[in-house]
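Asker: Quick one: the structure is below, and I'll ask about it shortly.
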Amino acid sequence: QVQLVESGGGLVQPGGSLRLSCAASGILFRLYTMGWYRQAPGKQRELVAAITNGGNTNYADSVKGRLTISRDYAKNTVYMQMNSLKPEDTAVYYCYAWRSTFDDYWGQGTQVTVSS
C-alpha cells in the first residue's frame, strides 16, 4: 500500500519559516519524481516545486528564492524548506509522487497558514 505522509504544516507569521516533510512508503522512492502542490480556498491546485529522481528541481515563479525542495533517498522523504513566507502562501500543501500517468500518488495534505 502506497502512503505519502506529510508533516510540518502550521501557523506562522509573515516572514517566518516552516519545513514540510513527506515520508513515502510502498513505492521505489528513488524512481519517482516528487513534488509539492498547494491549493488555496477557491483556487485550483498548483505545482509549487518538484524534484526528479536525478535531483533536478523546478519551482513556481511565485516561490523562487524562498522555497527549497530536497529529498533524502535513505529516508524515502522529500522536504520543502519554506522561508520568507507570505500570507498568499496560505494553502493546503500536498505531496505528490509521479513516475507515469498511471503511476502517481497524492498525500492527504497539510495546512500552512501565514498570518499575523
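Asker: Leaving out ligands, DNA and RNA, what percent of the accessible area of the chain is carbon and sulfur, probe 1.4 Å?
Answerer: Exposed carbon and sulfur together represent 47 percent of the surface.
Asker: Averaged over every viewing direction, what's the projected area of the C-alpha convex hull for region 76-116? Give it in nm², one decimal, please.
Answerer: Mean projected area for region 76-116: 3.9 nm², to one decimal.
Asker: Which aspartates and glutamates, on any chain, are close to K75 with Cα under 17 Å apart, when same-chain ones fewer than 8 places away are left out?
Answerer: Qualifying aspartates and glutamates at Cα under 17 Å: E6.
Asker: With +1 on each Lys and Arg Cβ and -1 on each Asp and Glu Cβ, and nothing else charged, work out how big the dipole of the chain is about its Cα centre, in Debye to the nearest 20.
Answerer: Dipole of the chain, to the nearest 20 debye: 140 debye.
Asker: Okay, next question. Looking at S17, P41, L31, which one has the Cα that reaches farthest to the positive end of the dipole of the chain (charges on Cβ: Lys, Arg +1; Asp, Glu -1)?
Answerer: S17
Asker: Let me ask something additional. Return the loop-located trypsin sites (Lys or Arg not before Pro) in region 32-86 (DSSP other than H, G, I, E, B) with at most 11 other Cβ atoms within 10 Å of their own Cβ; answer none if there are none.
Answerer: K43, K64
Asker: How large is the Kirkwood hydrodynamic radius of region 1-51, in angstrom, based on all distinct alpha carbon pairs?
Answerer: 13.0 Å
Asker: Taking a probe of 1.4 Å, how large is the accessible area per residue of the chain, in Å²?
Answerer: Value returned for the chain: 54 Å² of accessible area per residue.
Asker: Taking 8 Å as the Cα distance limit and 6 or more residues as the minimum spacing, I'd like the relative contact order of the chain as a percentage.
Answerer: So the answer I get is 36 percent.
Asker: Identify the chymotrypsin sites (Phe, Trp or Tyr not before Pro) of region 1-79 meeting these criteria: DSSP loop state and at most 14 other C-beta atoms within 10 Å of the C-beta.
Answerer: Y73
Asker: Would you tally the net charge around R71, using a Cβ to Cβ cut-off of less than 15 Å, leaving R71 out, and scoring K and R as +1, D and E as -1?
Answerer: With Lys, Arg at +1 and Asp, Glu at -1, the net is +2.
Asker: Lysines near K86 by alpha-carbon distance under 18 Å, same-chain residues fewer than 8 away left out - which ones?
Answerer: Excluding near neighbours in sequence, the set is K43, K64.
Asker: Please work out the C-alpha center-to-center distance from region 56-116 to region 1-53 and express it in whole Å.
Answerer: Measuring centre to centre over Cα atoms gives 4 Å.
Asker: I've got another one for you. Under a 5 Å amide H to amide H cut-off, with H placed in plane at 1.01 Å, what residues pair with G16 once short-range neighbours are removed?
Answerer: Amide H neighbours of G16, under 5 Å, 5+ apart: L85.
Asker: Still on this structure, I have one more. Let me make sure I get this right: for the chain, a, b and c are the square roots of the gyration tensor eigenvalues over alpha carbons, sorted descending. Under 1.5 in a/c it's rounded, otherwise prolate if a/b > b/c, else oblate. Which is it?
Answerer: Values: a/c = 1.78, a/b = 1.67, b/c = 1.07.
It comes out prolate by the Cα gyration axes.
The values are calculated or read from the model by the stated rules, or taken from the named source; none is laboratory data. If you're wondering where the values come from, they're calculated on a predicted model, not measured in any experiment. Cβ coordinates were reconstructed from backbone atoms using ideal geometry, including for glycine residues, and neighbour counts include every protein chain displayed. For the accessible areas, the whole protein counts, side chains as well, though only heavy atoms, and no ligand, DNA or RNA atoms are used. Shrake-Rupley method; radii C 1.70, N 1.55, O 1.52, S 1.80 Å.
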